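Here the structure comes first, spelled out in structure tokens, and everything after it is commentary.
Every number in this text was worked out from the coordinates using simple rules, so none of it is lab data. Note that the coordinates shown come from a computational prediction; the quantities given were computed from them, not determined experimentally. Using ideal geometry, Cβ is built from the backbone for each residue, glycine included, and neighbour counts are taken over all protein chains shown.
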């Protein structure tokens with residue numbers, strides 16, 4: 001059992017089920033979000049609206065916000081957890097962000113704070129079912145200590161190396177995920193045009209060389225039929241590809257083509 005209180009900053013479609021999974025595992029957990037506590041239903045009693053109370057209560061802080069701007073808000077700007085009288089000893093970055101931004105946090109976060117990057121994969125359905133896959137970057141001893149938290153939220157854990165390696169692996173993984181999202185949606189559109197049954201094609205791809213996570217779980221993934229919007233999951237995939245591009249020096253034509261294709265996706269619902 002984990003000893004200490006855990007704070008989840010950013011209780012949206014991923015953060016809230018992660019916090020619920022921690023609570024279900026018997027871990028002392030509190031949530032923080034810019035929305036009022038009464039917006040969180042049965043978890044409202046564990047939501048703290050005062051950033052001073054949140055920073056003082058939690059020894060481990062998990063950030064599960066959208067992007068670098070919101071991460072900066074939590075850590076340094078609007079909520080500024082590290083400008084308060086905090087009890088935080090470990091910061092676990094779960095958002096998918098640019099690896100360059102993440103590694104630079106070491107120079108911005110107080111030196112006594114232990115840093116871990118733990119982005120996850122599996123979409124909201126996996127968060128709700130506590131079967132996320134985590135890509136972990138950090139000291140092995142620290143990861144061992146935090147493992148009960150990851151066990152409560154997920155089922156697969158990949159230790160990629162030191163701090164920042166988990167995020168680097170995640171954006172590379174998400175580049176492949178974004179590419180397969182575009183490819184599957186295009187194939188389904190062509191199937192309709194050519195008179196091939198969608199469900200039969202998805203079943204075929206699952207059993208053959210066209211198998212992808214996106215195609216194999218198409219009916220379970222909440223964003224599978226979404227069109228592009230800057231604030232939805234398809235828009236987040238665009239951000240994730242751009243995060244990968246921020247970390248590399250050589251860029252071929254494929255990443256830009258994937259971004260362009262994501263922006264052209266239309267809502268199927």
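Taking 0.36 nm per residue of separation and subtracting the Cα-Cα distance, full extension of the segment from residue 84 to residue 211 would add 40.9 nm. Fully extending the segment from residue 242 to residue 25, taken as 0.36 nm per residue of separation minus the present Cα-Cα distance, adds 74.6 nm. Reported value for the chain: 137 Å³ per residue, from the convex hull of its C-alpha atoms. Once the Cα-Cα distance is subtracted from the 0.36 nm per residue extended length, the residue 108 to residue 196 segment shows a gain of 26.3 nm. Answer rounded, prolate or oblate for segment 1-70, using the Cα gyration tensor with square roots of eigenvalues a ≥ b ≥ c: rounded when a/c is under 1.5, else prolate when a/b is larger than b/c, else oblate. Cα axes put segment 1-70 in the rounded bin. If every alpha-carbon in segment 168-264 counts as one equal scatterer, what log10 I(q)/I(0) does Debye give at q = 0.16, 0.25 1/Å? For segment 168-264 at q = 0.16, 0.25 Å⁻¹, log10 I(q)/I(0) is -0.69, -1.35. Between 0 and 90 degrees, the angle of helix 165-194 with respect to the longest Cα principal axis of the chain falls at about 30 degrees.
In the chain, the DSSP beta bridges split such that about 10 percent are antiparallel, to the nearest 5.
Peptides 87-96, 156-165 ordered by packing proxy, namely the average of other Cβ atoms within 10 Å per residue, highest first: 87-96, 156-165.
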